[in-house]
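The values are calculated or read from the model by the stated rules, or taken from the named source; none is laboratory data. As the structure is a prediction and not an experimental result, all values here were calculated from the model. Here the Cβ positions follow ideal geometry from the backbone for every residue, glycine too, while neighbour counts run over all protein chains shown. To get the accessible areas, we keep the full protein, side chains included, count just its heavy atoms, and leave off ligands, DNA and RNA. Shrake-Rupley method; radii C 1.70, N 1.55, O 1.52, S 1.80 Å.
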Amino acid sequence: MIERPKILVVYYTQTGQLKRIVDTVLGPLQDKATIVYEELKPVKPFEFPWKKQVFYDTMPETVLGKPAAIAPLKVNPDEHFDLVILAYQPWFLSPSQPTAAFLQSESAARLLKGKPVITLMGCRNMWLNAQESVKQYLHKAGAHLVGNIVLVDKSPNLVALITVLRWQFKGKKEATSLLPPAGVQEVDIVESVRFAGPIAKVLEDRQWDALQPRLLELGAVDLLPNLILLEDRGIRAFRYWSKFISAKGGPGAPERQGRVSMYRGLLLIGIFVLSPIAKITSMFKLALNKGKLQEDVKYYKGIHLR
C-alpha cells in the first residue's frame with residue numbers, strides 16, 4: 001500500500017479569511033494527502049478589531065523583526081512532512097509578527113530543514129518586502145521554497161485601503177453602497193481551488209522545480225510594476241520610523257506613544273495626499289526604467305532569493 005503524502009500547513013489568521021483560502025486551495029487534496037494544520041498562537045493575542053493606537057504601535061517591532069512570542073507548537077518538530085505550506089499575511093510590508101516568531105524559532109528550523117515549502121498569502125496588494133524576508137528565513141532554515149501563491153484585494157489602491165482600515169478598526173467587512181467588501185474578493189477565493197492541481201501533481205512526481213511555472217500559468221502571482229516602486233518608498237519610511245519609535249521603549253511604552261501618534265498622522269497624510277503625487281512620479285520612472293522593472297517583476301514572481 002502506497003503511503004499518502006503528508007502536508008503541514010502553518011498559518012496565522014485574525015479574521016479567518018486566510019484559513020478559508022487555505023481550505024479552498026487544499027480542498028481537492030483532502031482525499032489524496034494527510035493534512036496537518038498548525039495554527040500559530042501568540043502568547044498575548046492580537047485583538048481584532050484593532051484599537052488604532054495599538055495597531056500603529058505594532059509597526060516598529062514588526063518591521064525590525066522583533067516579534068512577540070508565540071505558544072509552543074502542537075506538532076512534533078521532528079515529524080516528517082513531504083510538503084510545508086506557510087500561509088501568512090504581511091503587516092507593514094513585513095511578515096506578520098506570529099509568522100516571524102515561528103520562522104525565528106528552533107522548532108521551525110527543525111521542521112523546515114530540507115523541506116519543500118509553498119508560501120500562500122491573502123493580503124491587500126503590497127507583499128514583496130514581506131516575501132523577501134520570508135525567503136531569507138527559509139534559506140537560513142535550509143528549506144526549499146518551491147512555490148508562491150498570492151491572493152490580493154483587486155480594488156483600486158486607495159479604495160482597498162479605506163475598506164481594510166474599516167475592517168481592521170471596526171470589524172466591518174461587508175460592502176456598502178459606495179464601497180466593495182474588504183479583503184480578497186469572494187470570487188478570487190473560490191477560484192483559488194485551481195492551484196490544487198499543480199500541487200497534487202508535484203506531490204506525485206516530486207518535480208519541485210516545475211511547480212512555480214505551473215502556478216504562474218494559472219495566475220498565482222499578479223504584480224503591477226508601480227507597486228515595486230511604492231513598496232520601496234514605503235519600507236524605507238517604515239524602517240526609519242520603526243527605529244525612531246523604538247528608541248523610546250518597547251511595545252506599549254508610554255514614552256513612545258507621542259512618536260507613534262506622530263507617525264500615525266503623517267502616514268495617513270502620506271497615503272491620501274502624497275499617493276497621487278507618487279503615482280505620477282512612478283509613471284515617469286516606469287517609462288525611464290521599463291527594462292529594469294520588467295526584470296524586477298519577473299524576479300518577484302519567482303521563488304529565488306537574490
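Between Lys19, Lys66, Lys74, which is more than 21 Å from the chain's Cα centre (by Cα) and basic (Lys, Arg)?
Values: Lys19 fails: more than 21 Å from the chain's Cα centre (by Cα); Lys66 fails: more than 21 Å from the chain's Cα centre (by Cα).
Residue meeting the stated conditions: Lys74.
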Filter the stretch 70-106 down to residues that are open to solvent by 20 Å² or more (accessible area, probe 1.4 Å) and outside any loop (DSSP other than H, G, I, E, B) and give me whichever is farthest from Lys135 (Cα to Cα). Ile70
Return the residue satisfying two criteria in turn: it lies in the stretch 17-48 and is touching a residue at least 60 places away in the same chain (Cβ under 8 Å) and of a type in the set (A, V, I, L, M), and of such residues it is surrounded by the fewest Cβ atoms within 10 Å (Cβ to Cβ). Ala33
Taking the stretch 205-220 and the residues there that are more than 14 Å from Val25 (Cβ to Cβ) and touching a residue at least 60 places away in the same chain (Cβ under 8 Å), the one that is surrounded by the fewest Cβ atoms within 10 Å (Cβ to Cβ) would be Asp209
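Given the criteria open to solvent by 20 Å² or more (accessible area, probe 1.4 Å), over 18 Å from the mean Cα position of the chain (by Cα), modelled with pLDDT of 95 or more and not basic (Lys, Arg), does Ser133 qualify?
Numbers: open to solvent by 20 Å² or more (accessible area, probe 1.4 Å): yes; over 18 Å from the mean Cα position of the chain (by Cα): no; modelled with pLDDT of 95 or more: yes; not basic (Lys, Arg): yes.
In short, no.
Hey, could you check the stretch 184-195 for residues that are open to solvent by less than 10 Å² (accessible area, probe 1.4 Å) and farther than 12 Å from Ala220 by Cβ and say which is nearest to the chain's Cα centre (by Cα)? Outline the logic, then answer.
Our first condition is that a residue be open to solvent by less than 10 Å² (accessible area, probe 1.4 Å); within the stretch 184-195, this holds for 184, 189, 192, 195.
Narrowing further to those that are farther than 12 Å from Ala220 by Cβ: 184, 189.
Values: Val184: 13, Ile189: 15 Å.
Of everything passing the filter in the stretch 184-195, Val184 is nearest to the chain's Cα centre (by Cα).
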Of all the residues that make up the stretch 107-130, how many are in contact with a strand residue (DSSP E or B) (Cβ under 9 Å, 6 or more places away or on another chain), open to solvent by 10 Å² or more (accessible area, probe 1.4 Å) and not in a helix (DSSP H, G or I)? 7
Here is a list: Leu158, Leu151, Leu178, Leu165. Which entry is of a type outside the set (Phe, Trp, Tyr) and either touching a strand residue (DSSP E or B) at 6+ places or on another chain (Cβ under 7 Å) or under 15 Å from Val221 (Cβ atoms) (or both)? Leu151
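Here's the yes/no breakdown for (1) in contact with a helix residue (DSSP H, G or I) (Cβ under 8 Å, 6 or more places away or on another chain); (2) among the hydrophobic types (A, V, I, L, M, F, W, C); (3) under 20 Å from Asp205 (Cβ atoms); (4) not in a loop (DSSP other than H, G, I, E, B):
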{"position": "Arg4", "(1), (2), (3), (4)": "no, no, yes, no"}
{"position": "Lys32", "(1), (2), (3), (4)": "yes, no, yes, no"}
{"position": "Val36", "(1), (2), (3), (4)": "no, yes, no, yes"}
{"position": "Phe48", "(1), (2), (3), (4)": "yes, yes, no, no"}
{"position": "Phe55", "(1), (2), (3), (4)": "yes, yes, no, yes"}
If you go through the stretch 153-169 one residue at a time, do you hit one that is open to solvent by 70 Å² or more (accessible area, probe 1.4 Å), at pLDDT 95 or above and assigned to a helix (DSSP H, G or I)? no
